[in-house]
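Below is one structure, written out as structure tokens; the observations come after it.
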Amino acid sequence: MATEAQTNANRQNAQHSTGPRTETGKSTSSQNHLTLGLYTRQDYVKPDERDLYKHFWETMHAELNPTTILEESLASEVTGATWRLRRCSNVEGELADYAPCDPMLDEKTDKTRRSIERARASAHSILHRSLNQLRKLRKDQTDTEKLNDKRNLREAKQAQQSEMDALDMT
């Protein structure tokens, strides 16, 4: 728990750090999340990767074959998480390409490595959760279809039996 003096000092310090004030500063600050492209809201695609991304997206959706809006949403989550995992590997590789020594041992790259690992863990979590939800949804749909098929078969047999009983009565 912060003391009253610490709280007051924090308030005073906060008055000095109000963020960027100029349009240039605001514009620059708004692009901070693109430093590595690991925490963007949408998939981060470099201009030279657009064709690759388009092919990747189409292939993933063809493989996942979503048929409902919910399945489409889960397929997009799977695709985005998989792309982000690819991005994590690429950033890690770029880090190694430009480091004078092993980036895994270099304290200067520690913050970046931790950021990559957080993004990777988050993407893995999203990927596995979405795949499991998609599998469960499809299993539930299959189970429902099987139950409906059994019910329809039973009703057809009952209707057939009723017709036979009616013929026997005549």
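The values are calculated or read from the model by the stated rules, or taken from the named source; none is laboratory data. Not measured: the values here are computed from a predicted model. Note: ideal-geometry Cβ built from the backbone for every residue, glycine included; neighbour counts use all protein chains shown.
Looking only at the range 62-101, how many residues end up being outside any helix (DSSP H, G or I) and modelled with pLDDT of 90 or more?
4
Given the conditions (1) within 19 Å of Gln42 (Cα to Cα); (2) surrounded by fewer than 16 Cβ atoms within 10 Å (Cβ to Cβ), which single one is not true for Arg84?
Just one mismatch for Arg84, condition (2).
Quick one: is Leu38 in a helix (DSSP H, G or I), modelled with pLDDT under 80, touching a helix residue (DSSP H, G or I) at 6+ places or on another chain (Cβ under 9 Å) and surrounded by 12 or more Cβ atoms within 10 Å (Cβ to Cβ)?
Answer is no for this residue.
Out of the residues in the range 125-170 that are touching a Leu at 6+ places or on another chain (Cβ under 7 Å) and not aliphatic (A, V, I, L, M), which is surrounded by the most Cβ atoms within 10 Å (Cβ to Cβ)?
Going through the qualifying residues, I end up with Ser130.
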